[in-house]
Each structure stands twice: as structure tokens, then as C-alpha cells.
Amino acid sequence: MIRHNMKGMDAASKLLMSNKAVARDALNFVLRNSGYTVLEGSMQLRNPEAIAKLPGLKNLYKKISNDVVWELDVTNGGPPVSLLAAFENQSYPSRIMPMRGLLSTTVRMLAWRQETEDAHKARREFSSYDERLDGVMEGDTPTPVLPATVYFGQKPWPGKACLHGMMKLPEGLRGHFADCPSNLLSFRDMSPEELELLPVGALRCVAKCIRYADEPTALRHEWETDPSFQLVDTMPDAAYDVVAIAARIDLRKTQKEENTMQKKMSTFEKVFREEGREIGREEGRAEGLAEGEAKGRAEGEAKGRAEGRDNTVLEFIQGKRDYHVPDIQIHEELLKFFKLDDATAKRYMETNLAKA
């Protein structure tokens with residue numbers, strides 16, 4: 001069942017990264033060079049807003065709250081290591097993400113210190129002024145926080161991957177200053193080789209749909225060869241929503257309505273963006289060649305492009321309305337993204353309503 005009440009990528013991505021299998025695959029990819037992997041069965045979803053209830057942290061945390069937080073263990077074959085994975089989901093590129101990661105980590109350290117102090121006070125365990133001043137005792141250790149940024153947008157990510165990268169520090173000084181890697185997963189910027197390192201499953205399918213959203217030929221190849229796309233029926237609802245919003249492709253609709261791979265790809269491409277140019281060129285070229293003359297080819301291509309554009313604009317409007325985007329906002333986006341004039345945009349919106 002399609003979630004027509006989704007409020008955009010923020011809501012969809014939170015649901016996606018709240019899925020245990022998807023979050024596990026993302027973290028294993030982040031940790032791929034460390035020798036550590038997530039310990040199966042250890043993952044527990046935490047309430048990211050819980051620390052905002054602590055006195056003194058509420059106002060600060062509102063400005064730097066995380067989208068999804070998991071508590072889990074990782075192992076390299078030895079004793080497990082407990083940590084918190086704090087996900088920040090982005091639909092737009094952020095130039096200050098490492099700084100935001102450092103601030104959210106700092107707040108979680110402050111929360112740990114406050115909770116530890118409260119527990120010791122309640123049990124009357126402090127035996128010295130120094131312990132009461134610090135709020136912790138020997139043997140108390142905070143849980144490490146692993147910030148991770150997952151980028152679902154289409155623009156290249158311009159920000160630096162770590163705090164040191166944001167600052168103008170000579171190499172010899174960097175070891176003396178705090179750093180905070182953003183552990184970025186930017187699907188749009190991943191190389192084909194990096195995409196293949198993602199585990200087979202929903203995360204890899206989402207990543208490839210976003211990466212190849214403007215390359216129908218490449219996406220067709222992935223659809224036909226990557227086993228992740230053969231698991232469409234088993235993916236969480238949020239994976240469909242993220243793909244539909246990011247690349248305007250509804251995998252669930254494709255899977256339900258079409259039975260053969262060829263038909264699936266036909267439906268898949270019809271809702272592609274780029275104003276129907278790819279589909280329009282192919283339809284126009286076929287019609288023009290059939291007429292057997294240069295004039296026929298030119299007219300056929302023009303007709304194909306027009307039909308492709310019509311289909312794309314109408315699909316765009318329907319997709320926005322499915323997610324309850326106000327008509328006035330849809331109208332503005334038609335003017336901006338499709339370069340339509342006011343009258344043409346209104347005509348498309350009326351046509352969409354009539355078809356519905």
C-alpha cells in the first residue's frame with residue numbers, strides 16, 4: 001500500500017533508516033575498512049528526542065537533533081564494542097555536516113554525563129568533592145557515538161567529509177585539534193565500484209535508482225543484472241517511497257502492474273524525468289524512420305518529444321498530489337523546473353485532474 005500521506009523525503013528517509021536491515025547495511029558500508037561489522041541481533045532503535053527531555057539540553061538539542069539513532073554492538077571477531085549510530089538524513093547538500101555531527105555528539109556526551117551524575121547522586125555514591133564536581137566516577141565510560149550522513153539528493157555533495165577538511169589547518173597541526181568525520185553516504189556521488197560494495201538489498205536498490213536517475217540505459221542494465229532489483233517484493237515500504245520521491249519512479253507500481261522484465265522496464269522508463277526527452281527521442285525516431293524520409297523523421301521526433309514531455313509533466317503532477325503537495329506549490333515547481341508559462345502550467349494541472 002503506497003503511503004500517500006508521506007510529507008516528502010524527510011519523513012520517507014527516517015522510515016527507511018529506521019529499518020533494521022537497511023541501517024545495518026549502511027553501517028557495515030561505513031565500517032568496511034575497519035574490520036568491524038554490526039553484530040547480528042544487537043540493534044535497538046533509540047528515541048532520538050529522549051535527551052531533549054533532560055534539563056538544560058532541550059533548547060540546544062532542538063537545533064541539532066538526529067533523525068534516527070541505533071544502539072548496537074560491532075565486532076571484528078573479538079569482544080563486541082557498543083556504540084550509538086546517529087543518522088542524519090539529507091535531501092539537500094550541507095556544507096557544515098561535520099560540524100553538526102560534532103555538536104550532536106557533544107550533546108550526547110553531555111547527556112551521558114548528566115544521567116551518570118544523577119544515578120550516582122541517587123545512590124549516594126560520591127565520596128569526594130572531585131567526583132561530585134565531575135559527575136562521574138572511575139570506571140564510568142560513555143558510549144561512543146558514530147555520526148553517519150545519508151544523502152538522498154541529486155545535486156553533487158559540496159561539503160567536506162570531516163571537520164579538519166572545513167578548516168585551514170596545516171597537516172602538522174591537525175593532530176592537536178578535534179575532528180569529526182561525517183561518514184557520508186552520498187549515493188549520487190558514488191562510483192559504480194562503490195555501489196557494488198553495498199550489500200545486496202533495499203539500500204543498494206535505492207542507491208542505484210538515485211545514482212542512475214538520469215541515465216536510463218545504465219539503470220536498465222542494473223535492473224536486469226543486479227539481484228537487489230529481484231527483491232523488490234520484499235523491500236520495506238519506505239524504500240519505495242524514497243525512490244518515488246527522489247527519482248520519480250514507483251517500483252511498487254511497476255512490480256504490481258507488469259509481469260515481464262521487458263514490461264517492467266517500459267513502465268519504469270515512462271515515469272522517468274528529463275521531461276521525456278529519452279522516451280520522446282526513441283518514439284519519434286521510430287516513427288520517422290518508418291516514413292522513410294528526413295521530413296518524416298523530424299516530425300516524428302518532435303511528436304515523440306511532445307508526447308514524452310506531456311507524460312512526464314502529468315506524472316510529476318500526479319506524484320506531487322499523491323503526497324498531498326499543495327496545488328500552488330506544484331504550480332510554482334512547474335514554472336521553475338519545466339520552464340512552463342503560467343497558462344500552460346494551469347492546463348497541465350487541469351488535464352491531470354480530468355484524467356484522475
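The values are calculated or read from the model by the stated rules, or taken from the named source; none is laboratory data. Worth saying up front: this structure is predicted, and the values here are computed from it rather than measured. Using ideal geometry, Cβ is built from the backbone for each residue, glycine included, and neighbour counts are taken over all protein chains shown.
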Item to check | Answer residue from the stretch 18-33, given it is in contact (Cβ under 8 Å) with a residue 12 or more places away in the chain and not hydrophobic (A, V, I, L, M, F, W, C) and is surrounded by the fewest Cβ atoms within 10 Å (Cβ to Cβ) among those | outcome: Arg32
Item to check | Extreme residue, nearest to Lys155 (Cα to Cα), among residues of the stretch 229-249 that are surrounded by fewer than 22 Cβ atoms within 10 Å (Cβ to Cβ) and of a type outside the set (A, V, I, L, M, F, W, C) | outcome: Arg248
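If we scan the stretch 106-116, do we find a residue that is part of a loop (DSSP other than H, G, I, E, B), touching a residue at least 24 places away in the same chain (Cβ under 8 Å), farther than 20 Å from Lys14 by Cα and in the same structural domain as Arg24 (by TED's automatic domain parsing)? Reasoning before the result, please.
The first filter runs over the stretch 106-116 and keeps only residues part of a loop (DSSP other than H, G, I, E, B), leaving none.
No: zero hits.
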Checklist entry - Looking at Leu133, Leu83, which is the one that is surrounded by 15 or more Cβ atoms within 10 Å (Cβ to Cβ) and either closer than 25 Å to Asn33 by Cα or of a type outside the set (Lys, Arg) (or both)? => result Leu83
Checklist entry - farther than 23 Å from Val38 by Cα and among the aliphatic types (A, V, I, L, M): does that describe Met109? => result no
Item to check | Pairs where the first residue, in the stretch 229-250, is at positive phi and the second is of a type in the set (Phe, Trp, Tyr), C-beta under 8 Å, 6+ apart | outcome: Arg248/Phe272; Arg248/Phe316
Checklist outcome for this item: How many residues of the stretch 198-224 are under 29 Å from Arg95 (Cβ atoms) and assigned to a loop (DSSP other than H, G, I, E, B)? The answer is 5
Checklist entry - Looking at (1) assigned by TED's automatic domain parsing to the domain that holds Val22; (2) out of contact with any Ser or Thr (no Cβ under 7 Å at 6 or more places or on another chain); (3) not small (Gly, Ala, Ser), can you tell me which one Val206 breaks? => result (1)
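Filter the stretch 158-197 down to the residues that are part of a helix (DSSP H, G or I) and among the hydrophobic types (A, V, I, L, M, F, W, C), then identify the one that is surrounded by the fewest Cβ atoms within 10 Å (Cβ to Cβ). Outline the logic, then answer.
Step one: filter the stretch 158-197 for residues part of a helix (DSSP H, G or I), giving 163-166, 171-176, 187-189, 192-197.
Pick out the ones that are also among the hydrophobic types (A, V, I, L, M, F, W, C) and you get 163, 166, 173, 187, 195, 197.
Values: Leu163: 21, Met166: 17, Leu173: 10, Phe187: 25, Leu195: 17, Leu197: 12.
Taking the candidates together, the pick is Leu173.
Out of contact with any helix residue (DSSP H, G or I) (no Cβ under 8 Å at 6 or more places or on another chain), of a type in the set (Ser, Thr, Tyr) and farther than 28 Å from Ala247 by Cα: does that describe Thr141?
Values: out of contact with any helix residue (DSSP H, G or I) (no Cβ under 8 Å at 6 or more places or on another chain): yes; of a type in the set (Ser, Thr, Tyr): yes; farther than 28 Å from Ala247 by Cα: yes.
Yes.
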Checklist entry - What number of residues within the stretch 317-356 are part of a loop (DSSP other than H, G, I, E, B) and loosely packed, with under 15 Cβ neighbours inside 10 Å? => result 5
